[in-house]
1. Given a 1.4 Å probe, how much area per residue of region 73-212 is accessible, in Å²?
2. For region 98-150, what's the relative contact order in percent, using C-alpha pairs closer than 8 Å and at least 6 residues apart?
3. For region 1-81, state the semi-axes of the equivalent ellipsoid (square roots of 5 times the eigenvalues of the alpha-carbon gyration tensor), sorted largest first and rounded to whole angstrom.
4. Which whole-number percent gives the relative contact order of region 55-123, counting Cα pairs below 8 Å spaced six or more residues apart?
5. How much area per residue is accessible in region 1-58 when the probe is 1.4 Å and only protein heavy atoms are counted (Å²)?
6. Just grab the label-to-label distance for Phe35 and Thr169, each label 7 Å out from Cα along the Cβ direction, in nm (one decimal).
7. Scaled to the compact-protein estimate 2.2 N^0.38 Å, what is the alpha-carbon radius of gyration of region 82-150, rounded to two decimal places?
8. Please compute the length gained on full extension between Ser143 and Tyr18, using 0.36 nm multiplied by the number of residues separating them and subtracting their Cα-Cα distance.
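The values are calculated or read from the model by the stated rules, or taken from the named source; none is laboratory data. Here the structure is a predicted model, which is why all the values come from computation and not from measurement. FYI the Cβ positions are ideal-geometry reconstructions off the backbone, even for glycines, and counts take in every protein chain you see. These area figures cover heavy atoms from the full protein model, side chains too; ligands, DNA and RNA do not enter into them. Shrake-Rupley method; radii C 1.70, N 1.55, O 1.52, S 1.80 Å.
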Amino acid sequence: TLKPVLVETVWGNDEFKYISDYWGEVGSAGIAEDFVLKNLGYLAGGGKLKTGTTNEKYRVQFNSSGSAGTKCNLQIMVGGPGKLVVTAVSSGDAEQPLAVAIGTTQVGEIQNFPDKTQAPVTKEFDLSEAKSGDIINLYRTGSGVNVLEIKWIPNNLPSVDPTWVSETTVWGDGYFANIKDVLYPGVTEIKEDFTSEKITYIAGGGKFKPGT
């Protein structure tokens, strides 16, 4: 199930490698089932998505013609307006187009990506009309296209409450030493509620014993 993507997010080599490894030979032939990986969805609708590599990087290939919101779409749910940044290259001898849609409605300009003898290029799709909960669909309108990376950049990042844990955080030896030696020096059993570095201890009649 898709959930809104609220922060800048990239799907690329690592995610496409996982898809390739998971599907194996099926991926090489063409995945014909819906799936979701790290909030990136694939809507098959009778189409196929191939796995493989381009320029030694894992990618996915739109192996079937797409239809907005119904067939052979890569999709995300967004939390509001932003832009979709796509790095891709044609899988054939001619340049090929990709389009984006909000739901089933194609929006913005269709972007062309170069033939397979050229290096992949990165292009942006403006989705300033998107609203919270909208599904953004990426699909081909011509022949095969290899997609190496997809990035969602929201126009307005959500505000961060200073009490939230909004980044990778580790509480370890130094944290517990601070409780023992600074906050409660000489106390062997803490019987009250306290908060330190965004962690709250609720006693409720219990005891917290600092030590080594």
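1. 56 Å²
2. Values: 53 pairs, mean separation 25.1, N = 53.
Normalised by residue count, the contact order of region 98-150 is 47 percent.
3. Semi-axes (√(5λ), whole Å): 20, 16, 10.
4. Values: 89 pairs, mean separation 21.1, N = 69.
It rounds to 31 percent for region 55-123.
5. Details: 3380 Å² over 58 residues.
Accessible surface, normalised per residue, equals 58 Å².
6. My value for the distance between the label points is 3.5 nm.
7. Details: Rg = 12.1 Å, N = 69, 2.2 N^0.38 = 11.0 Å.
My calculation over the Cα atoms of region 82-150 gives 1.10.
8. Numbers: separation 125, 0.36 × 125 = 45.00 nm, distance 2.47 nm.
Full extension from Ser143 to Tyr18 adds 42.5 nm.
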